[in-house]
Each structure stands twice: as C-alpha cells, then as structure tokens.
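Here's the structure we're looking at; comments come further down.
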Amino acid sequence: MRIGHDVVLNANEQKVNAILMKYKQLEVNRSRVHNGEPFPPSVNFLVGKPLVEKSKVFQIIKSMPKGAALHLHDTSMVDLHWLVKNVTYRENCYMCTNNKYFVYFKFFPGTPPSNPDCPWKSVKEERLKATNKDEFDNLLYLNMTLITPDPAKAYPNIDAVWTRFLQTFDQVGGLINYAPVFVDYFYEALTEFNQDNVQYLEFRGLLPKVYQLDGTTLGKDWVMKTYHDIFVKFVDEHRHEFSGGKVIYSGLRIVPENDVLSQVKESIRFRQLYPDHFAGYDLVGQEDPGKTLLEYLDALLYPSEQVPPIDLPYFFHAGETDWEGTPTDHNLIDAVLLNTSRIGHGYALDKHPQVMKMVKQRNIAVEVNPISNQVLLLVSDLRNHPAADLVAQDFPIVISSDDPGIWGARGLSYDFYMAFMALAGEDADLRLLKKLAINSIELSAMTQVEKSKASNLWRQKWDAFIQKLLHQFNQSGGSVFG
Ligand SMILES: O=c1[nH]cnc2c1ncn2[C@@H]1O[C@H](CO)[C@@H](O)[C@H]1O
C-alpha cells in the first residue's frame, strides 16, 4: 500500500484535497495531451525550474508545513542569490577568474597576495567597472551554480557533472568559510527553510576550517559551537515556527582510515558536548570512485567495540549509483549491517531485495532527494525513479533537497513537488503529503520529547494551513491564488 494510505482526512482536509487534486489533474492533463506542456518532473530541474514555479500545486506545497528536512549539506543549503547579493557586497571581498572562466572568492584585509594563475581583484571595483550591476551579479550567480541551458551537453556523464559540482563547492567555499559570513550563512539557511515552511532540519557538515581576516583559522570546536549557538538563537526568535535541528559530522570518503577514526572519536565527543544539536556520523562525496564503508570498517566499529559500547548513530550515504554489483551498491549492505539509522539516497536499493526487506523491518528511513538525482545521477524522468516503488510499498521514506543552492532551488518545496507529481502516482493526494511530513519528524534524530514538541508545532501549522487555504478558496469564489 502506498505511503499515506492509512491517513484519515477530516472534513476540511477533504475539501482542501479536492482543490489540490483538481489542480494536479489539470497540470497532468496539460502535459499528457500530444505536444502538451513539458511535465516538470520529466525535465531536468536545471532548465525546468520556471515550469515548476508556474504550477498551482507547487504554490500550495510551498505554503504547506513540511515537517523536517533531513538530508542537506552544510555549504549548499542557502539560495546562492544571497551569497551574491549580500556576501559579495561586503568589504574586503576579492574575486579571481581562472583560465576556464570560473570565479573564486576570498576575503583579504588589504592588497591580496599575488596569485598568477588567478589574480585577485576587488569585487567592488569590478562591479563598478561593469556596465550593468545586475547583469554582473547574475553572471556571478550563474558561474557558481550548475545552471546551464543544455545540461545534457554540459554534463554528458556522471563523472563530468560531479567534477563541476565539486568545483562549485570550492567556488563558494571562499565566501562561506570566512568567519563572519559563516555565522550569517547558517542563520540564513535556517531563515530560508523556515520561510519555506520547514519546522526542523538535519544536515551533514564537514566541520571545515574557517578563516579570519588576519589569516588565522578556527577549527571544529568553534564550528560546532557556532552551529549550536545559532540553533539556540534562531529557535528562541522563532519559537512558534521552528523547533531546531542537528548536525551530522561527515568525513569525505577519500581520506585514510585513520582520519575516519579520529572523526568518529570527535563525533563521540561532540555528541556528549551538544546532545541537543549533534546527531552522529556519515561519509560523503562521490560514492562510485570513493572508498567503501567496508574499507573503513575498523574505524566505524570503534564505538560499538568499546567496553561498555558507545552509542554513535550513523546516517550513511549509500547506494547513490546507477550501477549494480559494485562495491558502491554493496555499501547498502554494510550500512544496514553497521546499524545505520537512515540511508542517504539509497538509489540502488531496489536491486537488493534482501536489504530492502531489512530496511522496512527496521524502519530505516531512506532519504530521497529527487532533484539531486536528476542533476547528479542524470535521472531523466522522475516517474522512472526507483523510489516510486518505495512510495508504492509504503517504505519509510523522507523527501529532502540535498544541495538546493547549487541547482538554483531554495528550501524543500521544489523536491516535495517533484515527489508528489512523479514519485507518487497521478492519484496520490494530500494524504501522501501529510504522511511525508509526519515521516520526516518521526524518522529524524530527535529524542521522543523533541519529536512531540516538533510534531505539536507542525500540527498547529498544518491546521492553520488548511484553514487558510479554505478561506482563500472561498474568498476567490472557487479558485486558489486567483
Ligand atoms: O549528493 C551527495 N552525495 C554525496 N556527497 C555529497 C552530495 N552532496 C554534497 N555532497 C558532499 O558534501 C560536501 C559538503 O558538505 C561536498 O564536498 C560534497 O562532496
């Protein structure tokens, strides 16, 4: 049975459902007729975003309280327009353009050091020289995202898109990893997800080195304390909207095993220091060429082999590949054997029926990121995504947005829309959306007390959402949003 089959809608919810389904059907029909409008989930998001934004279903999903976003990465959570319009306007910001026309940034107190391959120039002066400031800003924006008019041509295969994808992290890194920006960036991330009607979030963080203007750097302890302080401040200021979040420390799956062991030990320490804002450990980076969980086995077993055993939850990325019978999809098996709390992506899961069975039995959440899979795994039509099967079989899945900033998205709504229109059937309705929101809170790393707080908050907002939509519908004489 499909996700949400057990959700019962009250009278008001049924009315809202009827409106929602009317729009869904209209949009599906418009794309179904011969030569009809392009169907957004079958168009790569890098070019299809304007199609999504035209949708009334999308407008409704935007205003819907979506619960928790559980699969995000530290430096790709924020809309890149913010980096351009806010951060690159700050004092001491410099840019350089390499021989392939990619732009990098960094803050310097005075004249920047010489950098022959990519000479530093003041962003302020370059902007003044430009004929049109907005055009200049838009070029900076496009330069840092994966947006391109012809994705298939620009990124002919997965390795090509990953090379470009990792480069964008380096491009934005010089801006984000500057201490004053780092603080504001995280606050902005919480702001954007809150504005998108998300009540809680968990993200993978590399806990990177953060630099100051004098060249000195701040380490992991400063970074964790900063996340903690900003979570506390933001929740304090948005008590009736946002309930909090947690960090999942993540190593890159290319480092030597000894590094993973130190990171595991640091995770144990951070979990003791910040029980409210630290969830556990993961390994990230392109999975196919990366090291396997098995190669890190001794380090990953460290907590459970202590006397008495130490509890360190894992949230492994696993099976983010379109291959089968490779060490990458076998990560799925090891993730489950290592007692992972959730699986990041799990794209190859349907090729492993035994693992699938265990995932369902143990209620291990599968974190599905539809747009990420379109962009980074080259999934051409999301109706053919393997998670359609997980939805049809009521698997514990959650929908997240992975790296929204990098593909020009914002918050969680774009991915929720893709899931609703394509991973779920044409007739899947409000019950599915409601269940996905409930799942996200249930399958988060929150304690029972935190869950009940978050779910109360979500429920209040949900009731208000239903009321508001009905009101708008009645006011407009039977149509939503004019
Ligand atoms: O979809 C993904 N799969 C695996 N790793 C990812 C994905 N998105 C981002 N990162 C990794 O997260 C780091 C930033 O925290 C990036 O360096 C990237 O390697």
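Counting lysine pairs in the range 82-162 whose alpha carbons fall under 27 angstrom apart, excluding pairs fewer than 8 residues apart on the same chain, gives 18. For Asn339, no residue 5 or more places off, or on another chain, has a built amide H under 5 Å of its own. Put in order of Cβ neighbour count within 10 Å, fewest first, the listed residues Phe315, Phe165 become Phe165, Phe315. In the chain, the calculated helix contribution to ellipticity at 222 nm averages -14500 deg cm²/dmol per residue, counting -39,500 (n - 2.57) for every DSSP H run with n ≥ 4.
Between the range 121-184 and the range 215-257, the C-alpha centres lie 24 angstrom from each other. Taking the number of Cβ atoms within 10 Å of each Cβ as an exposure proxy, the fewest-first ranking of Glu188, Glu53 is Glu53, Glu188. Each of Val103, Pro156, Val123 was scored by the projection of its Cα onto the charge dipole of the range 82-162, and the greatest displacement toward the positive side belongs to Val123; charges sit on the C-beta of Lys, Arg, Asp and Glu. Sorting Ile254, Ile441 by the number of Cβ atoms found within 10 Å of their own Cβ, with the fewest placed first, yields Ile254, Ile441.
Two numbers describe the Cα atoms of the range 82-162: Rg and Dmax, which are 14.3, 42 Å.
Given +1 at the Cβ of Lys and Arg, -1 at the Cβ of Asp and Glu and no other charges, the dipole of the range 82-162 around its Cα centre is 180 debye to the nearest 20. Distance from the C-alpha centroid of the range 326-343 to that of the range 17-48: 35 Å, rounded to the whole angstrom. Kindly identify the range 240-307 as rounded, prolate or oblate by the Cα gyration tensor criterion: order the square roots of the eigenvalues as a ≥ b ≥ c, call it rounded if a/c is under 1.5, otherwise compare a/b with b/c, prolate if a/b is larger, else oblate. Oblate, since a/c reaches 1.5 and b/c is not below a/b. Here the label points at Lys124 and Asp221, each 7 Å from Cα along the C-beta direction, are separated by 3.6 nm in the simple model.
By the Cβ distance rule (another cysteine Cβ under 4.7 Å), the unpaired cysteines of the chain are Cys93. How large is log10 I(q)/I(0) at q = 0.05 Å⁻¹ when the Debye formula is applied to the Cα atoms of the chain, each weighted equally and without solvent? Log-scaled intensity ratios, in q order: -0.18.
Charged neighbours of His352, selected by a Cβ distance under 11 Å, balance to -1 (K, R count +1; D, E count -1). Could you tell me which residue out of Gln14, Met224, Gln167 lies farthest along the dipole of the chain toward its positive end? Charges go on the beta carbon: Lys and Arg +1, Asp and Glu -1, centred on the Cα centre. Comparing the listed Cα positions along the dipole, Gln14 ranks first.
For Lys246, the amide hydrogen comes within under 5 Å of the amide hydrogens of Leu201, Glu202, Phe203, counting only partners 5 or more places away or on other chains and with H modelled in the peptide plane.
Since every read-out is calculated from the coordinates, none of them should be taken as a lab result. Nothing here was measured: the structure is a model prediction, and the numbers come from that model. Glycine gets a Cβ as well: all are built from the backbone with ideal geometry, and neighbour counts include every protein chain shown.
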